[in-house]
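A.B. asks: Okay, here's the structure, questions in a sec.
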Amino acid sequence: MMKWIKWLLIGIAALLLLFAAVGLALPSQFRVERSVVIAAPAEKVYPLIASPAEWKRWSAWNRRDPQMQIAYGGPPAGVGARWSWRSETEGNGEMEFTEAVPGERLAYRLSFPELGMQSTGELRIERDGEGVRVSWSNEGDMGGNPVNRWFGLFMDRLVGPDFEAGLGNLKRVAEAA
C-alpha cells in the first residue's frame, strides 16, 4: 500500500512539473479581436463607445449582471473617462479611455486588480459601404507565471464570445437609434 501511495505522489509531482514546464514555454502575450458591420454612420456609433455610461446599453458583461455596481470618473466621454465595476459574476475591474479620435478610434487600459492583470485595447470604426465596421481588440501580457500563461492560451475562447455578443448588442442599439 505504501509503495502505491509513493508512486501516486511521484506521478502527481511529475504531472505538476510538466504542467509548469509547458506553461513556461507558452507565449506570455495574448490578443483577442472581433468585428461587426453596423448599418449606421460613425457619428451614431462613436458616442456609444466613447462614453463609459453608454457601455451598459450594449456590453455583454453589464447585460449578464444588471446588479453590477458601477462608478464613473473623469470626463463623461473621451480621453480620461473611466469607470470601475464590482460584480459577483463578472468580477471587479477598471477601465480608462487613453486615446480618442472621434468617429474613428477609442483606446483603453483595462485592469483587474484582484487578478493582477492589465491589458490594453481599442475599438476602431472604419467606413464600410453604407455603414461602418467596428473592430474591438484587447491584448496583454500574462507575465512569467505558468498558470497565467495557460489562461492566456485560452483568452480568445474565453473573451471572444463576449466581444461578439457586445458587438452584436452595439449593432442593435446603433441601428435602432
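A.B. asks: Regarding segment 16-35, can at least one residue be identified that is part of a helix (DSSP H, G or I), of a type in the set (Phe, Trp, Tyr), modelled with pLDDT of 95 or more and surrounded by 10 or more Cβ atoms within 10 Å (Cβ to Cβ)? Spell out the reasoning first.
C.D. replies: In the first step, residues of segment 16-35 are kept if they are part of a helix (DSSP H, G or I); the result is 16-25.
Applying the additional criterion that residues be of a type in the set (Phe, Trp, Tyr) yields 19.
Subset that is modelled with pLDDT of 95 or more: none.
The answer is no, given that none of the residues of segment 16-35 is part of a helix (DSSP H, G or I), of a type in the set (Phe, Trp, Tyr), modelled with pLDDT of 95 or more and surrounded by 10 or more Cβ atoms within 10 Å (Cβ to Cβ).
A.B. asks: Can you pull out the residues in segment 156-177 that are of a type in the set (Gly, Ala, Ser), farther than 11 Å from Val36 by Cβ and in a helix (DSSP H, G or I)?
C.D. replies: Within segment 156-177, the first condition is being of a type in the set (Gly, Ala, Ser), and the residues that meet it are 160, 165-166, 168, 174, 176-177.
With farther than 11 Å from Val36 by Cβ added as a condition, the list becomes 160, 176-177.
Passing the criteria: Gly160, Ala176.
A.B. asks: If I filter segment 148-171 down to residues being modelled with pLDDT under 95 and among the hydrophobic types (A, V, I, L, M, F, W, C), which single residue comes out as surrounded by the fewest Cβ atoms within 10 Å (Cβ to Cβ)?
C.D. replies: Out of the qualifying residues, it is Phe154.
A.B. asks: Out of the residues in segment 106-116 that are of a type outside the set (S, T, N, Q) and within 11 Å of the chain's Cα centre (by Cα), state the one that is surrounded by the most Cβ atoms within 10 Å (Cβ to Cβ). Lay out the reasoning, then the answer.
C.D. replies: Of all residues in segment 106-116, those of a type outside the set (S, T, N, Q) come to 106-110, 112-116.
Now restrict to residues that are within 11 Å of the chain's Cα centre (by Cα): 108-110, 112.
Numbers: Tyr108: 20, Arg109: 15, Leu110: 15, Phe112: 13.
Result: Tyr108.
A.B. asks: For a quick check of your reading: which strands (runs of 3 or more DSSP E) sit entirely within segment 52-138 and have at least 1 residues that are of a type in the set (A, V, I, L, M) and modelled with pLDDT of 95 or more? Step through it out loud before you land on a result.
C.D. replies: Values: elements: 69-73, 82-86, 93-101, 105-112, 117-128.
Ranges flagged: 69-73, 93-101, 105-112, 117-128.
A.B. asks: Yes or no: segment 41-48 includes at least one residue that is of a type in the set (D, E, K, R), within 23 Å of Val159 (Cβ to Cβ) and surrounded by fewer than 16 Cβ atoms within 10 Å (Cβ to Cβ).
C.D. replies: no
The values are calculated or read from the model by the stated rules, or taken from the named source; none is laboratory data. What you are looking at is a predicted structure, and each value in this text was computed from that prediction instead of being measured. Using ideal geometry, Cβ is built from the backbone for each residue, glycine included, and neighbour counts are taken over all protein chains shown.
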